[in-house]
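The structure under discussion appears below in the form of C-alpha cells.
The values are calculated or read from the model by the stated rules, or taken from the named source; none is laboratory data. Model, not experiment: these values are computed from the prediction. FYI the Cβ positions are ideal-geometry reconstructions off the backbone, even for glycines, and counts take in every protein chain you see.
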There are 4 protein chains.
Amino acid sequence: MLKVFICGGSGYTGCELLRILSNHPEIIVTGVTSERSAGKSVTDLFPHLHKYSNLQYEPLRAGEILTKADLFFMALPHGESQIAVDFFFKHGKAVIDLSADYRLRDPKVYEKWYKVPHRFQVTLQKAVYGLPEIYRNEIRRAKLIANPGCYPTGAILGLLPAVKNRLINLSSIVIDSKSGATGAGRKADLAVAYCEVNEGFRAYAVGTHRHTPEIEQEVSFLCGKDIIVNFTPHLLPVDRGILTTIYAPIVKKITVNEIVKVYKDAYKKEPFVRLLEYGIYPNIKNVCGTNFCEIGLKLNERTNTLIVITAIDNLVKGASGQAVQDMNIMMSFEEKTALDTIALFP
Amino acid sequence: MLKVFICGGSGYTGCELLRILSNHPEIIVTGVTSERSAGKSVTDLFPHLHKYSNLQYEPLRAGEILTKADLFFMALPHGESQIAVDFFFKHGKAVIDLSADYRLRDPKVYEKWYKVPHRFQVTLQKAVYGLPEIYRNEIRRAKLIANPGCYPTGAILGLLPAVKNRLINLSSIVIDSKSGATGAGRKADLAVAYCEVNEGFRAYAVGTHRHTPEIEQEVSFLCGKDIIVNFTPHLLPVDRGILTTIYAPIVKKITVNEIVKVYKDAYKKEPFVRLLEYGIYPNIKNVCGTNFCEIGLKLNERTNTLIVITAIDNLVKGASGQAVQDMNIMMSFEEKTALDTIALFP
Amino acid sequence: MLKVFICGGSGYTGCELLRILSNHPEIIVTGVTSERSAGKSVTDLFPHLHKYSNLQYEPLRAGEILTKADLFFMALPHGESQIAVDFFFKHGKAVIDLSADYRLRDPKVYEKWYKVPHRFQVTLQKAVYGLPEIYRNEIRRAKLIANPGCYPTGAILGLLPAVKNRLINLSSIVIDSKSGATGAGRKADLAVAYCEVNEGFRAYAVGTHRHTPEIEQEVSFLCGKDIIVNFTPHLLPVDRGILTTIYAPIVKKITVNEIVKVYKDAYKKEPFVRLLEYGIYPNIKNVCGTNFCEIGLKLNERTNTLIVITAIDNLVKGASGQAVQDMNIMMSFEEKTALDTIALFP
Amino acid sequence: MLKVFICGGSGYTGCELLRILSNHPEIIVTGVTSERSAGKSVTDLFPHLHKYSNLQYEPLRAGEILTKADLFFMALPHGESQIAVDFFFKHGKAVIDLSADYRLRDPKVYEKWYKVPHRFQVTLQKAVYGLPEIYRNEIRRAKLIANPGCYPTGAILGLLPAVKNRLINLSSIVIDSKSGATGAGRKADLAVAYCEVNEGFRAYAVGTHRHTPEIEQEVSFLCGKDIIVNFTPHLLPVDRGILTTIYAPIVKKITVNEIVKVYKDAYKKEPFVRLLEYGIYPNIKNVCGTNFCEIGLKLNERTNTLIVITAIDNLVKGASGQAVQDMNIMMSFEEKTALDTIALFP
C-alpha cells in the first residue's frame, strides 16, 4: 500500500481528494494538514467524509511528516506551496502539487502573474505539467508533478488536436469559460455568499486571469511558437463544472469529417476524454463527479470558425481527479483506478 | 387612457407585459388572448397577477377584438404572428410584435432561418425594428414595431458604438451569450425540466440560432456593409438574464480612454443603457426585473482585442420592457413610464 | 416631504428599504449609516441602487444626524440598536426599529433569549409591535415601532384567526418554517457560502431560535393566556421567501366552511394578506418582491388537525416592506404607498 | 453473476439503478425496458451512462424476457406494475418492485388511495416491505420485495426507535417533509419546469399524499395499534434529497440521554443509518448520492416534544439504493456492495 499525505486538506480540493482516494485500493492516507483546523477531525469540517472519522488535521511540520508517506499531495496556496514542495521533492518523495507554483516553466512569467518570485528554480525545472493527454510518458518518470489548473485543463484539451494539427489560426483564439462556484475555493467571502452568486452570472478577471499564461505555455508548446490567447472566466451559479467555449478561425478549407477525424485520432486511446458526436455539445451536468472531459465540435462554415466546447468537473479532472490520475501513472497503477465512476445525474 | 390588447398572453412574455403595464398610468389592458387557456382567468395561470383577477383569456378572434383596443401587443409564435399583425396593422391599429416575424427586412433571410415564407411583404416593409437606441425617431412615427429578440438586444447594444465608430475588425466578431431559462418560454418540455437544467450548463444551436441573422442585419446596418458573426447561445440555470461576452480585434492602436469616450458618447442620453466604469463587469443579477442594459468594457492590450460584456433581463429589455418602451415612444408618453424601477436584488 | 434616515444601511434589509422607498412619493432619504462602509457610496456596495449614486454611507453620529430627518429606520444589530433607538425616540423622532430590541415586552424574556440586558425599559414600554394586522390603531398613534421579525410575521398571520377564534388546541402548535438565505443577512460567512447552501437543506436552532418568544408573545396576546410553541426554522436554497407550515389540533368538530369564514372575516380588509382558495397552497415565488402574505388552509379530517401555510418575502413583509407599511400608517399616508407591486415571476 | 433486468428504465429511478449497479461486481444487467424509448440506447436518454452504450431499451414483453434474468427490478407506474410483478413472481423470479403496488398490505387501503383495485391479492400477501431496518430477516427469505416509498423511508426511520420504545404520544405525530424535484419523476410537465420550481417552495397534497397510508401501516406495525399521522410534503428547489422534520409529544419525562440511547441501540448495527451527535441536524447535501439516512435529535423541553430530523437521497435510500440493498440481502451478497460510497459534496 502506498502511503499518501495531503498537505492542505481543508478546502474543496482536499476534501475531493479524500473522497476519490477512499475508493483507491492501493493507497492509504496517512495524514492531512491544515493550519487553521489543526486538532479538528476531518469530519468536523466535512461530515460527509465519515470514513475518515479517525483522521485529524495537523499543522504542516514538514520534517516530522516526511517519513509518514511516500507521496505528498500539496493543496496549499500558491507561494506557500513552493517551499514545502521543494522540501519533499529534495528528500526524495513523490510530489503532486495542486497549486500553481510549479506549472509555469519560466520563473519570470510566474513572477509577473503571481507577484511573488520563484525561489526554487532548480526544482522547478524538474516539474512535469500533469496533463496526461500531453505528458503521459514524462509523468511516468516524474517525481514532481505540477497538476494543471482547472481552466487550463478544459481549454488545452479543447485546443490540443486543432493546434497540433494546425487546423486553426493561432493568433486570434478566444476562450470563453464558465465555472461553478467551487472554483473560488472554500472560504468566508462575501463575493461567494449564496445570495450574491445565486441567480447571478458575471465575468471576472477579464484578460488578466492567472490561468492565461498556463494555457498559453501549453498551446505554445503544442505548436512550437509563442501564442497568446483571449481568456475570459465567468462565475456560474452551480457547485461544480467548467464549460469552455473556444473560437478559432480555420486556416484553410477543411471539412467537418476531417476535423472530427483529427479529434478522434488524438483522443482515441485517452481513458478520460470523450469526443461527442459532431453537433452534440457537452453539459457540465453530465460530467459532474467524474474525471471525464467531454468535447463537442462545430465548424461554422458561414464564418470559417471552429468552435470547440469542453466540459469538465473542475474539482475532478480540473483538480483532484487529475492528481489521482497522475499518481496512478507515476506509480504504475491502472490509470483509471478510483476514477472509473459514472456522473451523478441529475 | 390608451386601450391595449395582448394577443398571446399565457407565456412568460405575456405575463411580464401584464406586470409592467400594471404600473402604467396612461393605459388600460382591455383583453388578452390564449387559445389553450381561453375561458380561464389570468390568475388561474399566474396567481401573482391578482390585480388582473377579472381578466379572462379569450381566443384570438381578430375581427371581434379589433374595436377593443388602440394598440396590440402580439406575443404569438412566429409564423402565426404574421397574419394577425398584418390584420391589425391594415385596420389602422398600432402594433408591437414581440415575435420574430417582422424583424428581418429581407423575406428571403426570414424564410431561410424560420423555414416558413413571409406572406406579408408589403406590411413587412413598414415595420420598424424596435431598438430605441438605433431607431428612436423611426419608432416615434411607426405604426408597426418589430420588437427585437432578447439575444440581439444584448449583442447589438454591446457592439453599436464600436461598429459605428469602426473601432473593430468586423470580420471576426465572436458573440458568446448565456441566457436564463425563461428564454426558452413557458412549456411542458423535458429539456427545460428543473432537474435537467439545474446544476447544468450547455451551449445549444451553435452557429445556427435564429437570432444570428437579426444581429447581423443590425450590425450591417450600423456599418453599412454585410457582416456575419459567430453567435453561440448557452442555457444558464437561472430564471432571468442574458450575459453576452463579445470579442472583436481592434483595427488600430486605440487607448482605453478613447474607447470609453466612444461608448459614453453613444449612450449618454440613453435612459436604459448604463455604461459601467472601465474594468467593472455587469452581473445579470443587477438588472433583474429592470429595463436596463449594463455594459462593461475591457481592452485586452496583449491581444489587441476589445471585449464588451452586456447584461439585460431577457424578459424586460429583451422582450416586454422594450415593447413598453417602444409604446411609450410611439405614443409620446414619457419614455421611462412604468419602467423606472430598481432591480430586485438579491 | 418626510425626511427619513436609515441607520444601518449596508445589509440586505437596508438595501431593500432603499429600493422600496425609491418608489415612495412622500418621503426623501436624507442619509444612511454604516460603520464599516462609511465614506463609500451606496452604489459601491449595491450597484443596482443607481438612483442613490449620490448617497454616501456615514458613521452613525446620533447627535449630528438628529436634525436631518423626521423618521429613523433602524437596521442595526440587536444590542446596538437599543441605545440609538432610545436616543432618537427621546429626542422626539419617529423611530421604526427593524432589530429585535424593542419587540419583546418583557425585558427578562429579552435578556434570556438575546443574552444582553435591556437598558431602556421605559422606552421599551412605549414601543408598539408593528404588525398592522393586530396593532394598526396603536401604530397610528405610535412614535416607536418594533418591526416584527420575519419568521414571526409569517407564523402569527397564519395563526391569528384560529387563535382569536379558539379553533385550535393552543398547547401543541407546531410551526415548521423554511427561509431563503437572505434571512441570514449579508456577510462573509462560510455557513452561507454558495456551495454550502446550494443543493442543500437543513434545520437549525431547533427549539432555540430567538424568534420563538416573539411568536409566543403575540399568540399569547391574541388568546389571553400564556402559550408556548414548537418552532423550527430551516434554510432554503433560494434568495427570498419564508414558507411556514403550521399544525394545530382543532378543538371541536368544525367544518371547512366555518374555518374559511373565520379566516376570510379576519383578513377581508387587510391590504396585504391574501387568503387563497381552500386547498390551494402558497408558493414563496408568488410573493417574491411584494409585501403580501399569502395563506392556504387545510383541515385534515382524518387527524382533526388544522394546517395553515403562509408565504411571505422575508425582506419585504418580513422586514423592510412591513417597516414602510408601518411608516405609512404612522404618517397617515395611504397604507399601500410604495408597496402596491406585483411579484417578479418567474 | 446474477442476471438482472430493469423494467421501466427511462426515468430517474431507472437511471439511478443503472448507475449503482455499474459498481456491483456480482451482477450483470441483461436488459432494460421502456415502451416510449424502445429502440433507443440508454445513452440516447442518459449520455452520462456511457458504460451502457450497448444497452438498448426494449418494450416489456414479459414472456420473452422471462428467461433473460434471475431478478427483475420493476420501476413501472403503479397499476401497471401489479401485472408484471405478478407474472415474474409466479414464474419463480426474484422481484423487487419500486412502484407502490405491493407496499400496502390491505388491498382496500390500496384501492382507496390509488383509485385502482388490487388484482393480485394472493401475490400481495407474499410481498415483503423492503425496509431492511425493520424486515431484514424477512427480506432474506423473500422472493418479492415492495421497495419502500421515498417519503416513508425518511419518516419511518425517524420514528422507528421512538415508536417501538413508546417514547411518544402516537396520536399527534406531525411529519413535515421536503423533497427535491427528482421526486416528481422525469417528465415534460409545466409543474416541474425549471422556472416554475427554481426560487420557489410550496407544499402539495397536504394531508392527501399517497405515501401517508404507507407510513401509517409501518408505524402501526411497529407499535401494534392503528396510527394515523399528519404528513405534508413540500417541493424543494434542489435535484436530490428529502429532509423530514418529525414532531411528537413525549409521553413521560425522559432525558436527552435516554432518547439518544434508544436511537443508538436501535441503529448501532445498521450500515446505512447514521445517528448524528445530539443537537446536530442533518443536511440533504451530506447524503447526496449515498444510501445513508442521517438522523438528528432534539428534545424540546419547553414543549415536551421530541423532534427528529432525517435526511436521505430520495433516489438512493429512497428508491434505487434501497432496492440494491434489498437485492444484496436477498442474494446473500455483502449488504453494502455497490453502496459504500461517499456523498458528492459540495
task = Residue by residue through the stretch B:286-321, note down the ones that are in contact with a Cys (Cβ under 9 Å, 6 or more places away or on another chain) and farther than 26 Å from A:Val229 by Cβ.
result = B:Val287, B:Ile312, B:Asp313, B:Asn314, B:Leu315, B:Val316, B:Lys317, B:Gly318, B:Ala319, B:Ser320
key: Residue selected from the stretch C:48-63 under the condition within 25 Å of the chain's Cα centre (by Cα) and within 18 Å of B:Phe292 (Cβ to Cβ), by the criterion farthest from the other protein chains (Cβ to nearest Cβ)   = C:Tyr52
message = Based on this model, can you work out whether D:Phe231 counts as in contact with a Lys or Arg (Cβ under 7 Å, 6 or more places away or on another chain) and at pLDDT 95 or above?
response = no
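Output the residues belonging to the stretch A:202-225 that are in contact with a strand residue (DSSP E or B) (Cβ under 9 Å, 6 or more places away or on another chain) and either touching a residue at least 60 places away in the same chain (Cβ under 8 Å) or among the basic types (Lys, Arg) (or both).
Residues of the stretch A:202-225 that are in contact with a strand residue (DSSP E or B) (Cβ under 9 Å, 6 or more places away or on another chain), as a first pass: A:202-209, A:211-212, A:214-218, A:221.
Correct list: A:Arg202, A:His211, A:Thr212, A:Glu214, A:Ile215, A:Gln217, A:Glu218, A:Phe221.
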inquiry  = Quick check on the stretch D:24-43. Is at least one of its residues within 11 Å of chain A (Cβ to nearest Cβ) and without any contact (Cβ under 8 Å) to a residue 60 or more places away in the chain?
reply    = yes
request  = Answer yes or no: is there a residue in the stretch A:34-47 that is polar (S, T, N, Q), under 22 Å from A:Lys93 (Cα atoms) and touching a strand residue (DSSP E or B) at 6+ places or on another chain (Cβ under 7 Å).
outcome  = yes
remark   = Taking the stretch D:17-55 and keeping residues crowded, with 20+ Cβ neighbours inside 10 Å and of a type in the set (A, V, I, L, M, F, W, C) leaves D:Leu17, D:Leu18, D:Ile20, D:Leu21, D:Ile27, D:Val29, D:Val32, D:Val42, D:Phe46, D:Leu49
query = Restricting attention to the stretch C:288-346, which residues are within 14 Å of chain D (Cβ to nearest Cβ), out of contact with any Ser or Thr (no Cβ under 7 Å at 6 or more places or on another chain) and among the hydroxyl-bearing types (Ser, Thr, Tyr)?
reply = C:Thr303, C:Thr305
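Test D:Ala311 against the stated conditions and say whether it is touching an Asp or Glu at 6+ places or on another chain (Cβ under 7 Å), closer than 14 Å to D:Gly158 by Cα, at pLDDT 95 or above and outside any helix (DSSP H, G or I). Steps first, answer last, please.
Details: touching an Asp or Glu at 6+ places or on another chain (Cβ under 7 Å): yes; closer than 14 Å to D:Gly158 by Cα: yes; at pLDDT 95 or above: yes; outside any helix (DSSP H, G or I): yes.
Spelling it out, D:Ala311 is indeed touching an Asp or Glu at 6+ places or on another chain (Cβ under 7 Å), closer than 14 Å to D:Gly158 by Cα, at pLDDT 95 or above and outside any helix (DSSP H, G or I).
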ask   = If B:Ala193 satisfies every condition in (1) small (Gly, Ala, Ser); (2) in contact with a strand residue (DSSP E or B) (Cβ under 9 Å, 6 or more places away or on another chain); (3) under 28 Å from B:Asn291 (Cβ atoms) but one, which is the exception?
value = (3)
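If I go through the stretch C:1-44 residue by residue, how many of them are assigned to a strand (DSSP E or B) and charged (D, E, K, R)? So that I can check it myself, show each step before the final result.
First, pick out the residues of the stretch C:1-44 that are assigned to a strand (DSSP E or B): C:2-7, C:27-33, C:41.
Within this subset, residues satisfying the condition of being charged (D, E, K, R) are C:3.
Of the residues in that region, 1 qualify.
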inquiry  = Go through (1) surrounded by fewer than 21 Cβ atoms within 10 Å (Cβ to Cβ); (2) assigned to a strand (DSSP E or B); (3) not small (Gly, Ala, Ser) for A:Ile280 and report which single condition fails.
reply    = (2)
ask   = Can you name the residue in the stretch B:314-346 that is of a type in the set (A, V, I, L, M), assigned to a helix (DSSP H, G or I) and under 16 Å from the mean Cα position of the chain (by Cα) and is also nearest to B:Asn291 (Cα to Cα) among such residues?
value = B:Val316
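Only one of these is buried (at least 21 other Cβ atoms within 10 Å of the Cβ), in contact with a Pro (Cβ under 8 Å, 6 or more places away or on another chain) and either within 14 Å of chain D (Cβ to nearest Cβ) or in contact (Cβ under 8 Å) with a residue 40 or more places away in the chain (or both): A:Gly14, A:Gly8. Name it. Steps first, answer last, please.
Working: A:Gly14 fails: in contact with a Pro (Cβ under 8 Å, 6 or more places away or on another chain).
Answer to the selection: A:Gly8.
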Where C:Lys187 falls short, out of the listed (1) over 22 Å from the mean Cα position of the chain (by Cα); (2) under 16 Å from C:Asn314 (Cβ atoms); (3) not polar (S, T, N, Q) = (1)
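Being part of a helix (DSSP H, G or I), buried (at least 24 other Cβ atoms within 10 Å of the Cβ) and aliphatic (A, V, I, L, M) narrows it down to one residue among A:Ile156, A:Ile83; which is it? Full working, then the answer.
Values: A:Ile83 fails: buried (at least 24 other Cβ atoms within 10 Å of the Cβ).
Answer to the check: A:Ile156.
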ask   = Out of all the residues in the stretch D:145-154, is one or more within 30 Å of B:Ser179 (Cβ to Cβ) and within 14 Å of chain C (Cβ to nearest Cβ)?
value = no
key: Subset of the stretch B:138-153 that is touching a helix residue (DSSP H, G or I) at 6+ places or on another chain (Cβ under 9 Å) and surrounded by fewer than 19 Cβ atoms within 10 Å (Cβ to Cβ) - its residue that is nearest to B:His78 (Cα to Cα)   = B:Lys143
message = So, restricting to helices (runs of 4 or more DSSP H) that lie completely within the stretch C:173-274, which ones have at least 2 residues that are crowded, with 24+ Cβ neighbours inside 10 Å and within 9 Å of chain D (Cβ to nearest Cβ)?
response = C:194-197
Single unsatisfied condition, A:Asn328 versus (1) over 19 Å from A:Leu275 (Cβ atoms); (2) in contact with a Lys or Arg (Cβ under 8 Å, 6 or more places away or on another chain); (3) touching a residue at least 24 places away in the same chain (Cβ under 8 Å) = (3)
request  = Residue by residue through the stretch A:77-100, note down the ones that are farther than 11 Å from A:Gly8 by Cβ and among the acidic types (Asp, Glu).
outcome  = A:Asp86
